[in-house]
Amino acid sequence: LRALAVLPILLVHAGLTAIPGGFVGVDIFFVISGYLISRIILKEMDADRFTLTGFYRRRALRILPALLVMLAVVLAVGWWRLFPQDMRDLSWSAAATALSGSNIWFWRTVNYFGDAELTPLLHTWSLGVEEQFYIFYPLLLIALRRWLPRHIVAALWVIAVVSLAIGYGLIHINKAQASFYLLPSRAWELALGGLVATGGFPTLGPRLRAAASWAGLAMVIAALFVIEEGMDFPVPWALLPCVGTVLLIAYGQTGATARLLSLAPMRFVGDISYSLYLWHWPVMAFWRFERGLTLEPWEMAATIAISFALAILSYRLIERPFLERGKAWATPRVLGSALAAMLLVAVAAALFAVQAAKARIEDPAVAKLLTYLDYEDSPQSFFQFKRGVCMADTAQPTYDPKTCATRRSDRPNILVMGDSHAAHIVQAISERLEGVNILRLTASGCDPVLPLRGDPRCTEVMKLGFEDRLLGTGRVDRVILSARWRAGYLPELARAVTHFRERGIPVTVFGPAVEYDEPLARLLARATARGDVDLARGSRRMDLLAEDRAMRGAVVAAGGTYVSMQDLECPRGVCPLFASDGAPFHFDISHYTLGASRDLAAKLPLAAITPAKP
């Protein structure tokens with residue numbers, strides 16, 4: 001089962017799009033952990049030989065040696081290869097990981113404008129969840145054993161249901177990141193494993209056991225193909241792989257599924273799965289730092305091979321020796337050494353972070369470019385996006401309709417709707433159209449399509465436009481729709497265009513913006529440092545050109561006006577890398593800097609952004 005969990009993770013992280021739900025391997029790991037830890041603890045309790053120190057001792061020997069070595073290696077490679085801002089962020093995440101809090105760190109720091117594939121320790125969030133589970137779960141079982149010995153199963157069911165409710169609630173109050181990263185909204189997955197270990201599922205006859213185990217395997221495999229990024233996760237979609245894993249553990253100990261999962265290659269991958277999980281993401285992140293975000297097939301194979309090689313070395317030279325030799329070590333020595341090692345790595349990482357923050361790059365051109373990696377925190381960015389005021393995002397989900405969506409009867413009203421790809425140009429449009437009232441309905445990650453999609457943060461903002469709930473008086477003279485359009489949304493976009501056209505309102509759709517494999521600011525800094533001017537241009541996503549053509553046809557057919565942002569930014573296929581004010585054209589993979597948005601707004605056809613002539 002560990003192999004079934006880790007292999008899809010490896011493949012999807014290498015860039016294999018055929019299994020979009022490969023990341024659910026983490027959820028399989030959570031169920032396995034809940035099962036194994038519950039079984040171990042309860043078995044020792046039954047034999048009256050369970051101790052907290054003994055439990056923490058085994059967990060420390062199992063988890064920390066390989067983890068801390070990986071952190072040390074990642075910090076060393078980062079210091080050698082990364083720019084100061086990237087090293088600063090990496091170091092703080094390493095400190096959080098060493099102290100079992102990386103899930104909390106990434107919950108607070110990974111944001112909409114980030115580039116997850118270039119965050120070398122992002123995968124450790126799941127270890128943070130597990131390590132926090134290891135701290136609290138034994139205490140819970142001790143309490144239940146003492147005061148409610150006959151109700152352990154019922155208590156675990158209550159925990160699972162409450163945790164599911166927390167996860168669902170967080171998603172629906174615009175706290176999807178908290179639901180994804182934090183233990184309270186993940187505890188139900190671990191509790192399901194605990195319920196298998198405690199007899200929380202009914203005993204079945206041979207035929208039903210076989211059917212249940214095959215159903216479980218089918219659910220896990222289906223999850224790999226059905227679940228995609230952007231779905232509500234972990235609640236409810238993680239139920240699919242988690243329930244499937246429960247069925248496999250509870251009813252698949254014998255029979256055909258057991259024989260299939262017990263094949264030698266599966267057992268081998270299962271044995272090294274922890275080290276494989278630890279090493280694969282840093283390998284792929286650093287590779288992408290060097291060569292670009294999108295991996296060629298040979299690069300996928302190379303990163304997977306390197307990950308396996310490091311995992312085998314880690315398993316044989318670190319994991320197994322500590323587990324075997326650690327049996328002879330005294331518990332106080334193990335726990336004291338573990339705590340000291342965690343603190344040592346955390347302090348060292350913090351010192352790296354401080355030094356990286358102070359580091360100065362000799363080439364002023366490179367140094368200036370790198371400042372744009374922190375663009376989203378700048379006053380210029382707030383002026384441009386108005387996050388938390390006119391653009392609701394995951395970190396600042398508030399939206400003020402009085403400030404941003406009030407019509408005026410004394411001037412034309414132009415309504416701009418969409419996600420951050422509407423927000424990154426609307427200020428510049430407002431500056432160009434003097435005497436025009438620009439209304440902004442923007443929420444990050446929210447496509448302005450019908451039917452409405454996304455969490456309430458998205459839908460409540462979009463409803464103001466689609467359901468004519470705008471404040472003030474006066475007619476809307478044009479609607480502009482812009483987004484980082486997702487695949488498969490053309491019918492929904494066409495319905496949105498038709499919706500406004502039926503109300504007599506002209507509609508303009510901005511096509512997909514130019515995108516790069518990684519933040520253009522970093523690409524330009526690397527290109528400048530290496531003297532390789534073609535590095536950035538070679539990282540442009542050319543697949544968006546076909547999407548651009550398809551969108552034009554669908555929008556025009558629905559009665560809308562279409563503006564190709566690909567053609568606008570890159571006339572005759574040549575894209576400017578810098579805006580006229582000297583800033584990079586994009587500060588991340590696709591969002592315009594303020595100067596670039598002004599350059600593009602000046603090139604927009606007036607007929608596409610002003611009221612239609614009578």
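Looking at region 277-362, the GluC sites (Glu not before Pro) that sit in a DSSP loop and have at most 14 other Cβ atoms within 10 Å of their own Cβ are Glu362. The rule of thumb for compact globular proteins, 2.2 N^0.38 Å, goes into the C-alpha radius of gyration of the chain 1.05 times. For region 269-340, the list of chymotrypsin sites (Phe, Trp or Tyr not before Pro) that fall in a loop by DSSP and count at most 16 other C-beta atoms within 10 angstrom reads Trp329.
With contacts taken as Cα pairs under 8 Å at a separation of at least 6 residues, the chain carries a relative contact order of 15 percent.
Under 17 Å of direct C-alpha separation, and excluding same-chain neighbours fewer than eight residues apart, Lys368 reaches these lysines: Lys358.
Computed over the chain, the per-residue total of -39500 (n - 2.57) for DSSP H runs of n ≥ 4 gives a 222 nm mean residue ellipticity of -19000 deg cm²/dmol, rounded to 500. For the listed residue pairs Lys43/Lys175; Lys386/Lys613; Lys386/Lys463, the alpha carbons are over 28 angstrom apart in Lys43/Lys175; Lys386/Lys613. If the chain linking Arg469 and Arg495 were pulled fully straight, counting 0.36 nm for each residue of separation and taking away their Cα-Cα distance, it would gain 7.5 nm.
Can you give the log10 of the normalised intensity I(q)/I(0) at q = 0.18 Å⁻¹, computed with Debye over equal Cα scatterers of region 87-219? The Debye formula, applied to the Cα set alone, gives -1.05. When the charge dipole of region 11-161 is built from unit charges on Cβ atoms (+1 for Lys and Arg, -1 for Asp and Glu) and taken about the Cα centre, the candidate among Val74, Tyr35, Trp125 whose Cα reaches farthest toward its positive end is Tyr35. Across region 195-211, computed HN-Hα scalar couplings (Karplus, 6.51 cos²θ - 1.76 cosθ + 1.60, θ = phi - 60°) run 5, 5, 5, 9, x, x, 10, x, 6, 10, x, x, 5, 5, 4, 4, 5 Hz from first to last residue, x flagging Gly and Pro. For region 414-469, the solvent-accessible area of protein heavy atoms averages 27 Å² per residue (probe radius 1.4 Å; ligands and nucleic acids excluded). Each residue of region 452-462 was assigned a 3J(HN,Hα) from its phi angle through the Karplus curve 6.51 cos²θ - 1.76 cosθ + 1.60 (θ = phi - 60°); the sequence is 5, 10, x, 7, x, 4, 6, 5, 5, 6, 5 Hz, with glycine and proline shown as x.
Each peptide in 128-138, 1-11 was scored by the mean count of other Cβ atoms within 10 Å over its residues; highest first, the order is 1-11, 128-138. A Cβ-based charge dipole, computed about the Cα centre of the chain with Lys and Arg at +1 and Asp and Glu at -1, lands at about 1320 debye. Taken along its principal axes, the alpha carbon cloud of region 134-175 reaches lengths of 39, 21, 11 Å, longest axis first. Overall, the accessible surface of the chain at a probe of 1.4 angstrom is composed of carbon and sulfur to the extent of 62 percent. Farthest toward the positive end of the dipole of region 450-580, out of Ala529, Gly472, Leu544, is the Cα of Gly472, where the dipole comes from beta carbon charges about the Cα centre. The listed peptides 374-387, 231-244, ordered by packing as a protection proxy, come out as 231-244, 374-387 (highest mean of other Cβ atoms within 10 Å first). Label separation (Leu208 vs Ala328): 5.1 nm, computed from points 7 Å beyond Cα along the C-beta direction. Across every pair of non-identical alpha carbons in region 1-158, the mean reciprocal distance, once inverted, gives a Kirkwood radius of 17.8 Å. Computed over region 280-389, the percent of Cα pairs more than 23 Å apart is 63.
Pop the C-beta distance of Arg408 and Ser378 into the FRET formula with R0 = 25 Å and round what comes out to the nearest 0.05. My answer for the efficiency is 0.25.
Give, as ranges by residue number, the residues of region 165-187 whose backbone N falls under 13 Å from the point 7 Å along Cα→Cβ of Leu139. From region 165-187, the list is empty. Measuring from each cysteine beta-carbon in the chain, the ones with no other cysteine beta-carbon under 4.7 angstrom are Cys242.
Taking a ≥ b ≥ c as the square roots of the Cα gyration tensor eigenvalues, with a/c under 1.5 meaning rounded and otherwise prolate when a/b beats b/c, else oblate, which class fits region 525-601? Prolate.
Put simply, when 597-604, 441-448, 34-41 are sorted by average Cβ atoms within 10 angstrom per residue, most first, you get 441-448, 34-41, 597-604.
The values are calculated or read from the model by the stated rules, or taken from the named source; none is laboratory data. As the structure is a computational prediction, the values presented were derived from the model and not from experiment. Using ideal geometry, Cβ is built from the backbone for each residue, glycine included, and neighbour counts are taken over all protein chains shown. All accessible areas refer to the heavy atoms of the entire protein, side chains included, with ligands and DNA or RNA removed. Shrake-Rupley method; radii C 1.70, N 1.55, O 1.52, S 1.80 Å.
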